[in-house]
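Okay, so here's the structure we're looking at.
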């Protein structure tokens, strides 16, 4: 065993002695050649996944694809790479994401925090440590968080459509969401009723919205 592998082993051994005391799943990934392999997971995580460490290691760099919602992986993995690029061991990246414990399970929201745990002999990031906890809908606060997460998902899924609107159309969208008629919109922003009606039609077309209720969802999600 070379010196770097010995350091990795010692670091993981030290983490493993206390990891099961944490109220979260603890995961250690190894970073190399722009990909990740899993080096360690606490027993809490292995029990939830119903897998052994050997089975988990066999998944290798496909860990995120297997257990994280692909949309979340696409959104957050670049930010993890940015974290590695900055190479600041004090920086922590915290994010909400949907994960599942097996292929048959439903997606469930988790809150995870990740940071660099160890650098190699050249000072480059080598190990990442993640702490992850499930968010269960049992409390009033959690229900509020769930609604925020749903809105966050809506924003990610519909941002490209919303971005097609002009600034004037975004302004009118907010007025529509407040229940304003074409006449009221025209009077408030000094345009003709026909122009207000045309804007309303164009907004619905760009957002593929069939009703004012759908426009309301866009307004609530993207309100500045």
Would you mention how many residues in the range 104-130 are within 19 Å of the chain's Cα centre (by Cα) and in contact (Cβ under 8 Å) with a residue 24 or more places away in the chain? 11
It is to be established whether one or more residues within the range 191-199 are in a loop (DSSP other than H, G, I, E, B), surrounded by 14 or more Cβ atoms within 10 Å (Cβ to Cβ), assigned by TED's automatic domain parsing to the domain that holds residue 164 and modelled with pLDDT of 90 or more. yes
I'm checking my understanding of the structure. Among residues of the range 200-213 that are surrounded by fewer than 14 Cβ atoms within 10 Å (Cβ to Cβ) and within 27 Å of the chain's Cα centre (by Cα), which one is nearest to residue 147 (Cα to Cα)? 213
Quick count over the range 159-190, residues being touching a helix residue (DSSP H, G or I) at 6+ places or on another chain (Cβ under 8 Å) and either more than 23 Å from residue 210 (Cβ to Cβ) or modelled with pLDDT under 85 (or both), is 3
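Just to check your reading of the model, which residue among 169, 187 is surrounded by 14 or more Cβ atoms within 10 Å (Cβ to Cβ), out of contact with any strand residue (DSSP E or B) (no Cβ under 7 Å at 6 or more places or on another chain) and not assigned by TED's automatic domain parsing to the domain that holds residue 71? Before you say what the answer is, go through the steps one by one.
Working: 187 fails: surrounded by 14 or more Cβ atoms within 10 Å (Cβ to Cβ).
Testing whether each residue is surrounded by 14 or more Cβ atoms within 10 Å (Cβ to Cβ), out of contact with any strand residue (DSSP E or B) (no Cβ under 7 Å at 6 or more places or on another chain) and not assigned by TED's automatic domain parsing to the domain that holds residue 71 leaves just 169.
Which fully enclosed strands (runs of 3 or more DSSP E) of the range 21-101 have 2 or more residues being modelled with pLDDT of 90 or more, crowded, with 18+ Cβ neighbours inside 10 Å and not assigned by TED's automatic domain parsing to the domain that holds residue 157?
Details: elements: 25-32, 35-41, 93-99.
Where strands (runs of 3 or more DSSP E) fall fully within the range 21-101 and carry at least 2 residues being modelled with pLDDT of 90 or more, crowded, with 18+ Cβ neighbours inside 10 Å and not assigned by TED's automatic domain parsing to the domain that holds residue 157, they are 25-32, 35-41.
Can residue 104 be described as loosely packed, with under 14 Cβ neighbours inside 10 Å and at pLDDT 95 or above? Let's see the steps before the verdict.
Values: loosely packed, with under 14 Cβ neighbours inside 10 Å: yes; at pLDDT 95 or above: no.
No: the conditions fail for residue 104.
The values are calculated or read from the model by the stated rules, or taken from the named source; none is laboratory data. As the structure is a prediction and not an experimental result, all values here were calculated from the model. So basically every Cβ, Gly included, is an ideal-geometry build from the backbone, and we count neighbours across all protein chains shown.
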